[in-house]
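J.: Take this structure, written in structure tokens, and hold onto it; I'll ask about it next.
The values are calculated or read from the model by the stated rules, or taken from the named source; none is laboratory data. Just so it is clear, the model here is predicted, and its values are computed rather than measured. FYI the Cβ positions are ideal-geometry reconstructions off the backbone, even for glycines, and counts take in every protein chain you see. These area figures cover heavy atoms from the full protein model, side chains too; ligands, DNA and RNA do not enter into them. Shrake-Rupley method; radii C 1.70, N 1.55, O 1.52, S 1.80 Å.
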Amino acid sequence: MDIASRHEEGEVVLLHASVHPANEASRTVLSRHGLRHLGTNGDYTRYSARIC
């Protein structure tokens, strides 16, 4: 909600995250909140979602 409140209505906002594959707790939270797995970038797993 905080991210969405900082942007104009109708504006597209994308959220990206990079998480180490061993960090299962963070990967679970990102997936639970709708971020999709986009593959890897070096040693990290990339996630992304459209927030609004």
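J.: At Leu14 and Ser31, where each label point lies 7 Å from the Cα along Cα→Cβ, what is the point-to-point distance in nanometres?
T.: According to this spin-label approximation, the distance is 2.2 nm.
J.: On to the next question. Which percent of the accessible area of the chain is formed by carbon and sulfur heavy atoms (probe 1.4 angstrom)?
T.: On the way: 2010 of 4140 Å².
Carbon-and-sulfur percentage of accessible area, whole number: 49.
J.: Could you estimate the translational diffusion coefficient of the chain from the Stokes-Einstein equation, with Rh from the Kirkwood formula over C-alpha pairs, at 37 °C and 0.692 mPa s, in whole µm²/s? All intermediate terms of the calculation are to be shown ahead of the outcome.
T.: Numbers: Rh = 11.7 Å.
Here the translational diffusion coefficient equals 280 µm²/s.
J.: For the chain, what does the accessible surface come to per residue with a 1.4 Å probe? Please give it in Å². Can you show the working numbers first?
T.: Numbers: 4140 Å² over 52 residues.
So the chain comes to 80 Å² accessible per residue, rounded to a whole number.
J.: If you don't mind, there's one more thing I want to ask. Ranked from the most accessible area to the least, with a 1.4 Å probe and all protein chains present, what is the order of Thr45, Thr40? If you can, show how the numbers build up before the last one.
T.: Values: Thr45 10, Thr40 100 Å².
Reading off the accessible areas and sorting them downward yields Thr40, Thr45.
J.: Please compute the contact order of the range 1-46 in relative form: average sequence separation of alpha-carbon pairs under 8 Å and at least six residues apart, divided by the residue count, as a percent.
T.: Values: 28 pairs, mean separation 16.4, N = 46.
Computed value for the range 1-46: 36 percent relative contact order.
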